[in-house]
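Note sheet for the following structure.
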Amino acid sequence: MKKNIKRLNINLDTSIKISKQLGKIILKKYKADIVVTIPEGGILPANEISKILKIPFFKIDVKRKINFKHIYQMIPKKLHFIVRPIHRIAFRIRTPELMNTLNFNCRNKKILIIDDATETGKTLKVTKNILKKMGSKEIKVATLSYLNGEKPDFFINRNLLKFPWSKDSLDYKKFLTYCNNINKL
């Protein structure tokens, strides 16, 4: 990853807007059967893009097993800056893995994987391999932001973005409301 990159904060409305932009680009260039997203970051873009493409989206729970929660809880908030670099290193080193079984069929389907950002590319690579093993016909990848790793087939931005689904975002509660409304559909 590039050094000294400033993280750009974007709000919920901007996240929806760029997700729709990405969806319109994909609509012109690729005909997927289903959208597969990686929670939490892929939920909003997948929802917006799947509406534009008029296809369903499903979640695939691929994550890195890293738990620094107890460390953050043990130290005062003003000292969190000391732990963050170690947390980032652990994140970059650890290989993501499938956390549960798939609740959808991808055999002989054209899949569009959607995530919020590509920082290392590891999560997307693992996800693609899982879907290939499950018999997917073709797989394309779309992200809102691309920094490093394997280049996605579709992306909007080359900056490091702080999305509203970051727990310290000012729009985090709005994002949770957005997700609750998706679950009611």
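Considering the conditions (1) in contact with a Gly (Cβ under 9 Å, 6 or more places away or on another chain); (2) at pLDDT 85 or above; (3) surrounded by 13 or more Cβ atoms within 10 Å (Cβ to Cβ); (4) not acidic (Asp, Glu), Arg107 is excluded by exactly one of them, (3). Report yes if some residue within segment 146-155 is at pLDDT 95 or above and among the charged types (D, E, K, R); otherwise report no. Yes, that holds for at least one residue.
Annotation for segment 127-137: at least one member residue is at pLDDT 85 or above and closer than 26 Å to Lys167 by Cα. Can you find a residue that is modelled with pLDDT of 85 or more, exposed (fewer than 15 other Cβ atoms within 10 Å of the Cβ) and farther than 23 Å from Lys162 by Cα anywhere in segment 74-82? No: zero hits. One residue stands out in segment 125-142 among those that are outside any loop (DSSP other than H, G, I, E, B) and without any contact (Cβ under 8 Å) to a residue 40 or more places away in the chain: the one that is surrounded by the fewest Cβ atoms within 10 Å (Cβ to Cβ), namely Lys133. Report whether or not Lys110 is closer than 23 Å to Ile55 by Cβ, touching a residue at least 40 places away in the same chain (Cβ under 8 Å) and touching a helix residue (DSSP H, G or I) at 6+ places or on another chain (Cβ under 9 Å). Spelling it out, it is not the case that Lys110 is closer than 23 Å to Ile55 by Cβ, touching a residue at least 40 places away in the same chain (Cβ under 8 Å) and touching a helix residue (DSSP H, G or I) at 6+ places or on another chain (Cβ under 9 Å). Among residues of segment 41-63 being in a strand (DSSP E or B) and in contact with a Pro (Cβ under 7 Å, 6 or more places away or on another chain), the one that is modelled with the highest pLDDT is Lys59. Scanning segment 143-185 for residues being touching a residue at least 12 places away in the same chain (Cβ under 8 Å), hydrophobic (A, V, I, L, M, F, W, C) and more than 26 Å from Tyr72 (Cβ to Cβ) gives a total of 5. Annotation: of all residues in segment 156-185 being among the aromatic types (Phe, Trp, Tyr) and within 27 Å of Arg84 (Cα to Cα), the one that is surrounded by the most Cβ atoms within 10 Å (Cβ to Cβ) is Phe163.
For every residue, the table says whether it meets (1) surrounded by fewer than 16 Cβ atoms within 10 Å (Cβ to Cβ); (2) at pLDDT below 95; (3) assigned to a strand (DSSP E or B).
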residue: Lys2; (1), (2), (3): yes, yes, no
residue: Lys6; (1), (2), (3): yes, yes, no
residue: Ser19; (1), (2), (3): no, no, no
residue: Leu22; (1), (2), (3): no, no, no
residue: Pro39; (1), (2), (3): no, yes, no
residue: Lys65; (1), (2), (3): yes, yes, no
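The values are calculated or read from the model by the stated rules, or taken from the named source; none is laboratory data. For clarity, every value in this text was computed on a predicted model and none was experimentally measured. Glycine gets a Cβ as well: all are built from the backbone with ideal geometry, and neighbour counts include every protein chain shown.
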